[in-house]
Amino acid sequence: MNLHQSVVPAANTEEAQAALLVRYQTVRAATEELAASLSPEDQNLQPMADASPVKWHRAHTSWFFETFVLKTVRGYVEFDPHYAYLFNSYYGAVGPRHARPERGLLSRPSVEEVGEYRRHVDDAMVALLSQPLDAELLTVIELGLNHEEQHQELILTDLLYAFSRNPLRPAYGPMKSAEAVRKASGEWLTFDGGIVEIGHTGDGFAFDNEGPRHSAILIPYRLSNVLVTNGEWMEFIEAGGYREEKHWLSDGWQYGQANDWQAPLYWEKREGQWWSMTLSGMQPLDPHAPVAHVSFYEADAFARFRGKRLPTEFEWEHAAASLDPATGNFRESGLLRPASSPDTQMFGDVWEWTASAYAPYPGYRAPDGAIGEYNGKFMINQMVLRGGSCVTPRVHVRATYRNFFYPHQRWQFSGLRLAEDMPRHARKHDTNDEASQFLKDVQHGLSQPQKQLGSKYFYDGRGSALFDEICKLPEYYLTRAEVSLLRDLAPELSAMVEPGTVLVEFGCGSCLKTRILLNRMTQLAAYVPIDICGYSLARTAADLARDYPDLAIRPVTADFMETVALPDDLAGRSLLGFFPGSTIGNLTDEEAAGFLKRARETLGPRGRLVIGLDLIKDTETLLAAYNDAAGVTAEFNRNMLARINRELGADFDVSCFSHRAIWNAQQHRIEMHLVSDRQQIVTIGGRSFSFADGETIHTENCHKYDVDSFAAAAAKSGWSLQRVWRSGQPEFGILLLA
Ligand code: AVI
C-alpha cells in the first residue's frame, strides 16, 4: 500500500500527546498480534511483487518511525545501519533501497531479529512520547500510525495471497462464524447532485490526498444501497461475462485474456459449486455476500453488463458523508471476510472501485522532502477505491478516505456498488421543467389513436449529429440545393438590402448558410440568431464574432415560435429575417401559420423574410431522400426512442422498431414513422403503452410546397411574395416575403 501524509497537525497539548502515546502502543501491539500465530516460514513468504512478507511489513513500519521520527532527535542509536537499505519501501529522498520483488529473499534478518528491532524502536518512541514534543513531530508520529494501520491490512491481504498459492490452502485462523448473509433488497438511493463539497475538513487526521476541500458538480444520480454480491457475479459468469468482449474496456479485455480470467481471484469450482480462498482456507461462496477480489476492469465490465456504471469517487463521498463508518464490517469484527447486511452500508466489507482516476484535487501540492513522495508521485494510472474492507482497522477509514490501486490488481478485498444517472423525469433540479414537458408530450402523443412523437425531440446531441450526416447523404438533396441556390442569389439579394440592415435568423444551425449571406452582405449592421438553446447559441455567436469582427453579433435566447423581443438598440433598423432549410415544413399547418404571424410581429411591418422551401417533385426522389441506403435517416428516427430511454428512463427495445418514410400525396408531405415489429409493451414514467404488431408512431412530417399555395397561406399571416428563386433539379425554392 502506498503511504500518505497527514495534512492535519495533531493538537500540541499534554493530553493529546498522552493520548497519542496510548494510541502508539495500541497500534504497534495490534501489528504484533496479527503476526503472532505465524511461523517464521509464513512470515517470509513473498508470492508476488505486490505482496510483501509479513516480516518485511513489521520491519518497514518500524523503519518509518526510526527514519522520520527517531533519527531526527538527538541521542537516538540506530538499531542496524543496514536496515535503512533493506526496509525503505520507495522513498528516493532518503537513500537507495532493496528491490521490492526481492523482499522474500530476506531470510536474514530473522523474524526474531525483526522482533528485537520493533522493541528497540518502541522503547525509543515511548521514551520520546513521554517528553513534550513539537507539533510537527506529533504530526509525523500520527502519520506513522496511520501508515502502520495500512500495513496491518496488507499483512492480511498479502498473506491471503501467499496461502492461496499453497496447494494445502492453509488457514490464517478459524473464521468467526456469523449469521448467513441475508438477501439484500437492493434499492436505489437517489441524489439530486448540484454543487457539493468534497474532501477533508475539520480537526481529525487525514492524508494529504484528501484535500484541499473543493467544490464538485454532480449530475443527479442513483447509487445502489448494497454491494454487488457473489450470486450476481455467478450470473455474470454464466451469462458469458468473461467471454464477451463487448462488456470490457479494451485494456481490461486484453489483460483478462492474457491472464485467463474466468472468475474473481481465489474462486474455484468444485463439483459444480463455487468456493473461494479465505483467511480460513477454502470456503463455499455465500451468494448473498459481497463479491471481493475483482479488479477495476472486472468491476467496470460487470457494471456495463448490467447497463449501469461505477460511481465516481465524488458521488460516493457525497453519499457517504452523513453515514457513520464505525458501523461497518471491519477487521475488529473478526469475520475477516465480506459479510454485509442488507441495510445501507457504505463502509467496510470491500473497498469499492470508483470510476475516478486517482488524481490530485484542485490546488493539491505534494509537501517538500521525502514525505512529499508518499502520495503525489502515485497520482498516475491508478483508480480510486472508497470505504474500507473487512481487514481494514475500524478507526482507519472515513468518508473522504481515498485508497488507490492499479486497474488490474485484485488481491485486495475490492468489490463494487452500482450507480446510474438519474433519469431526467425523476430529477428535481435543472432541466426538470423541460424534462417533465418532454415526458408529458411523449405520454400524450403515445395515448393518441395514431401514436405520435414531436419531431422537435429528434435533436438531442446524437440526433443533431445524425441530422448533420443526413445533410451530406447523396439522396438528401435539400441542403446541397439550397446552399448552391443561396450562393447564386446572394448578389441579387444583397442589392436589395440597404446598409445598416439587421439579419435575424430563426433558429441557429451550423451557420453554413448564414455565412453565405454574411460574406456577401457586408452592409449588414448586426446579426441576431434566435435559438432556444443558449449553449449552441453562445458557441455560434463566438465563432461568428471571431470570423466577422466588424459585424455586431447579438444572440437572443428565445423560442422562435413565440414573438421575440429583439435588443432595444436595434429598434428602427430594417430587419431581414432568415428561415432556411425548409424547417417550416416540419411544422403543422397551424404552427406554420402561427410562426409566420409572429415572425411578422418580430420583424415589424417593414421587415422582410427569406425562407427556404422544399418544392413538390417526383415521389421517387422524395422517398429516396428520406429512405437513404446507408440507413442514417432510420437511425435518426430510432434515436428518438433511444433518447426517451436515456432521458425519461423508458424501456423501448429500439431494435424492435423499424423506420418507415411514406409520401402522403393528399397532404403533400413525407411522413416518417416508427413501426413496431411485434406486439410489445413499453413503460415510460410509470405508464405502460402497448403496441400492436405493425402499429406505427408518427414522428415527423416534412411538407413539400408549391410556391403559389404557400404564398396564399403566407398572405393570411400578413406576408406578400416579393421574389422566388428556384434551384436546378431536384428543385428547392427560396422566397423573399415582405
Ligand atoms: C430539418 N428538416 C428540414 C429535415 C427535413 O427534411 O424535413 C428533417 C429530416 N427528417 C428526416 N430527414 C431530414
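The values are calculated or read from the model by the stated rules, or taken from the named source; none is laboratory data. Keep in mind that what you see is a predicted model, and the values were worked out from it rather than measured. Here Cβ is always computed from backbone atoms with ideal geometry, including for glycine, and neighbour counts include all displayed protein chains. With ligands, DNA and RNA removed, areas are computed over all heavy atoms of the protein, side chains included. Shrake-Rupley method; radii C 1.70, N 1.55, O 1.52, S 1.80 Å.
The table below lists the values:
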{"quantity": "Any hit, the stretch 627-636, residues being at pLDDT 95 or above and away from the ligand (no atom under 16 Å from the Cβ)", "calculated": "no"}
{"quantity": "Boolean, residue 698 is within 24 Å of residue 474 (Cβ to Cβ) and open to solvent by 10 Å² or more (accessible area, probe 1.4 Å)", "calculated": "no"}
{"quantity": "Any chance residue 94 is open to solvent by 20 Å² or more (accessible area, probe 1.4 Å), in contact (Cβ under 8 Å) with a residue 12 or more places away in the chain and closer than 22 Å to residue 145 by Cβ", "calculated": "yes"}
{"quantity": "Flag if residue 339 is in contact with a strand residue (DSSP E or B) (Cβ under 7 Å, 6 or more places away or on another chain), within 19 Å of residue 391 (Cβ to Cβ) and open to solvent by less than 20 Å² (accessible area, probe 1.4 Å)", "calculated": "no"}
{"quantity": "Candidate set from the stretch 140-180 (those that are of a type in the set (Val, Ile, Thr) and open to solvent by less than 20 Å² (accessible area, probe 1.4 Å)); member that is nearest to residue 29 (Cα to Cα)", "calculated": "155"}
{"quantity": "Qualifying positions in the stretch 671-695 - out of contact with any Phe, Trp or Tyr (no Cβ under 9 Å at 6 or more places or on another chain), more than 13 Å from the ligand (Cβ to nearest atom) and not small (Gly, Ala, Ser)", "calculated": "687, 689, 693, 695"}
{"quantity": "Extreme residue, farthest from the chain's Cα centre (by Cα), among residues of the stretch 585-597 that are closer than 13 Å to residue 710 by Cα and open to solvent by less than 10 Å² (accessible area, probe 1.4 Å)", "calculated": "596"}
{"quantity": "Count of the stretch 272-294 residues which are of a type in the set (Gly, Ala, Ser), more than 22 Å from residue 166 (Cα to Cα) and open to solvent by 10 Å² or more (accessible area, probe 1.4 Å)", "calculated": "1"}
{"quantity": "Of all residues making up the stretch 12-49, the number that are outside any helix (DSSP H, G or I) and among the aliphatic types (A, V, I, L, M)", "calculated": "5"}
{"quantity": "Top-ranked residue of the stretch 507-524 - restricted to ones that are modelled with pLDDT of 95 or more and not in a helix (DSSP H, G or I), ranked as farthest from the chain's Cα centre (by Cα)", "calculated": "523"}
{"quantity": "Strands (runs of 3 or more DSSP E) completely within the stretch 364-481 that count 1 or more residues being of a type outside the set (A, V, I, L, M) and either more than 24 Å from the chain's Cα centre (by Cα) or closer than 24 Å to residue 337 by Cβ (or both)", "calculated": "383-386, 403-405"}
{"quantity": "Failed item, numbered, when residue 668 is tested on (1) on the phi > 0 side of the Ramachandran plot; (2) away from the ligand (no atom under 14 Å from the Cβ); (3) touching a Phe, Trp or Tyr at 6+ places or on another chain (Cβ under 9 Å)", "calculated": "(2)"}
{"quantity": "Filter result (open to solvent by less than 60 Å² (accessible area, probe 1.4 Å) and out of contact with any strand residue (DSSP E or B) (no Cβ under 6 Å at 6 or more places or on another chain)) within the stretch 245-271", "calculated": "247, 248, 252, 253, 256, 261, 263, 264, 265"}
{"quantity": "Verdict on residue 613 being within 13 Å of the ligand (Cβ to nearest atom), more than 30 Å from residue 485 (Cα to Cα) and touching a Leu at 6+ places or on another chain (Cβ under 9 Å)", "calculated": "no"}
{"quantity": "Test: residue 140 is in a strand (DSSP E or B) and touching a helix residue (DSSP H, G or I) at 6+ places or on another chain (Cβ under 7 Å)", "calculated": "no"}
{"quantity": "Criterion: without any contact (Cβ under 8 Å) to a residue 60 or more places away in the chain, under 29 Å from residue 287 (Cα atoms) and open to solvent by 10 Å² or more (accessible area, probe 1.4 Å) - qualifying residue of 354, 327", "calculated": "327"}
{"quantity": "Candidate set from the stretch 434-460 (those that are modelled with pLDDT under 90 and within 16 Å of the ligand (Cβ to nearest atom)); member that is surrounded by the fewest Cβ atoms within 10 Å (Cβ to Cβ)", "calculated": "460"}
{"quantity": "Complete set of residues in the stretch 295-323 that are open to solvent by less than 10 Å² (accessible area, probe 1.4 Å) and out of contact with any strand residue (DSSP E or B) (no Cβ under 6 Å at 6 or more places or on another chain)", "calculated": "295, 298, 301, 302, 320"}
{"quantity": "Residue, least open to solvent (accessible area, probe 1.4 Å), within the stretch 640-683, restricted to residues that are in a helix (DSSP H, G or I) and basic (Lys, Arg)", "calculated": "643"}
{"quantity": "Odd one out for residue 688, checked against (1) without any contact (Cβ under 8 Å) to a residue 24 or more places away in the chain; (2) part of a strand (DSSP E or B); (3) closer than 20 Å to residue 608 by Cα", "calculated": "(3)"}
{"quantity": "Which numbered condition residue 613 fails, given (1) at pLDDT 95 or above; (2) assigned to a loop (DSSP other than H, G, I, E, B); (3) hydrophobic (A, V, I, L, M, F, W, C)", "calculated": "(2)"}
{"quantity": "Of all residues in the stretch 481-532 being among the acidic types (Asp, Glu) and surrounded by fewer than 21 Cβ atoms within 10 Å (Cβ to Cβ), the one that is nearest to residue 610 (Cα to Cα)", "calculated": "492"}
{"quantity": "Members of the stretch 567-584 found to be in contact with a Lys or Arg (Cβ under 8 Å, 6 or more places away or on another chain), outside any strand (DSSP E or B) and either open to solvent by 30 Å² or more (accessible area, probe 1.4 Å) or away from the ligand (no atom under 16 Å from the Cβ) (or both), listed by number", "calculated": "567, 570, 574"}
{"quantity": "Count of the stretch 373-395 residues which are touching a residue at least 60 places away in the same chain (Cβ under 8 Å) and either open to solvent by less than 10 Å² (accessible area, probe 1.4 Å) or farther than 27 Å from residue 140 by Cβ (or both)", "calculated": "12"}
{"quantity": "So residue 521, is it touching a Ser or Thr at 6+ places or on another chain (Cβ under 6 Å), at negative phi and not acidic (Asp, Glu)", "calculated": "yes"}
